[in-house]
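Computed from the coordinates by the stated procedures, all read-outs in this text should not be read as laboratory data. It should be emphasised that the depicted structure is a prediction, and the values quoted were computed from it without experimental measurement. Cβ coordinates were reconstructed from backbone atoms using ideal geometry, including for glycine residues, and neighbour counts include every protein chain displayed.
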Amino acid sequence: MILELPDRWRRLWEGRDPFAMVMALEGEVYKSRQGRTTLRFVLEGRSYFAKLHRGVGWRLLLRYLLQLRWPVVSARNEWRALQGLVAIGVPSMSLVAFGARGWNPARRQSFIVTEELTHTVSLEDYCRPWKQQPPPAERKRALVAAVARIARRIHAHGINHRDFYLCHLLLQLTPEGKLPGGAPTLYLIDLHRVQRRRRLPRRWRVKDIAGIYFSSDAAGLTRTDRFRFMRAYTGRPLRETLRRDGAFWRQVARKADAFREEFARKHPDLASGGRITD
């Protein structure tokens, strides 16, 4: 068993099983699926988010294996992903606690607890009004460049997100709900499916960038905005990146179209400007 807890929690739960205490936490449930629950809770006056893994069960595990896939069965992957982002300087959640026990992949229990990110808004929600109320050009350029820089950094270090949508980028605001001065701060969240390799294959870079393209549809980005993203992502002049990386960007466009078709098929009532969730 692995158990990393703040000392104050160990003292609070002295004489009890701290692992069980975390797994029994109650609060506002944000998501619950496939044996995994994400909730917000308050402990000793401070707010946290917990992701609790209670086991996917043999039926789901076998279904994935028959499809030659492996489901996320533990919070360990997100724990490692957080450590990886810290190491390369990409803002994300602040780790508070982590635990894992059990060897059976169908019944393994684990958790990760992070501090609540306050005064933030998902980039999806922040950009949604842009079609009807275009933002100042400087603000849009800064946010496009900020997203591209995160993508460039994680990919350069062999990291791909697999759910790289605007809803998984949180924008830091002031307590008054305004955008602070200076370069925008974006936090990359929802890391349970992140993969890390020494060198990232093109197909995974394509999938991540296509996810951003697809999820930015509702923001009404222009062709010029996408060109700015290309320049910031590659770090090269537009003419050069179109010449050297034309095949890559065509793949991104095709994959983004595939995402749109899949979303429209699964959510016909939301296909036009709908919310993106994993």
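Could you tell me how far the Cα centroid of segment 37-62 sits from the Cα centroid of segment 191-212, in Å?
Segment 191-212 and segment 37-62 have Cα centres separated by 24 Å.
In percent, how large is the relative contact order of the chain, given Cα pairs closer than 8 Å and 6 or more residues apart?
Relative contact order here is 16 percent.
What lysines does Lys51 reach when the alpha-carbon gap must be under 27 Å and sequence neighbours fewer than 8 apart in one chain are set aside?
Lys31, Lys207, Lys266
If you average the alpha carbon positions of segment 114-130 and of segment 134-190, how far apart do those two centres end up, in angstrom?
When both Cα centres are located, 10 Å separates them.
So, with +1 on the Cβ of K and R and -1 on the Cβ of D and E, and no other charges, what is the size of the charge dipole of the chain about its Cα centre, to the nearest 20 debye?
Around 1480 debye, computed over the chain.
Which lysines does Lys140 reach when only Cα atoms under 17 Å apart count, and residues fewer than 8 places away in its own chain are ignored?
Lys131, Lys178
What residue among Val72, Val22, Leu82 has its Cα farthest toward the positive end of the dipole of segment 2-115, where the charges are +1 on Lys, Arg and -1 on Asp, Glu, each on the Cβ?
Among Val72, Val22, Leu82, the one farthest towards the positive end of the dipole of segment 2-115 is Val72.
Kindly give the semi-axes, whole Å and largest first, of the ellipsoid equivalent to the chain, taking each as the square root of 5 times a Cα gyration tensor eigenvalue.
34, 23, 18
What 222 nm value per residue comes from the helices of the chain, counting each DSSP H run with n ≥ 4 as -39,500 (n - 2.57) and dividing by all residues, nearest 500 deg cm²/dmol?
Counting only the DSSP helices, I get -12500 deg cm²/dmol.
Beta carbons within 10 angstrom, averaged per residue: use that to sort the peptides 139-149, 248-258, highest first.
Values: 139-149: 18.5, 248-258: 16.4.
Top of the packing list down: 139-149, 248-258.
Based on the mean of other Cβ atoms within 10 Å per residue, sort peptides 157-168, 37-48, 235-246, 113-124 so the most packed one is first. Could the numbers behind the result be given before it?
Details: 157-168: 21.1, 37-48: 14.4, 235-246: 12.7, 113-124: 17.3.
Going from most to least packed, we get 157-168, 113-124, 37-48, 235-246.
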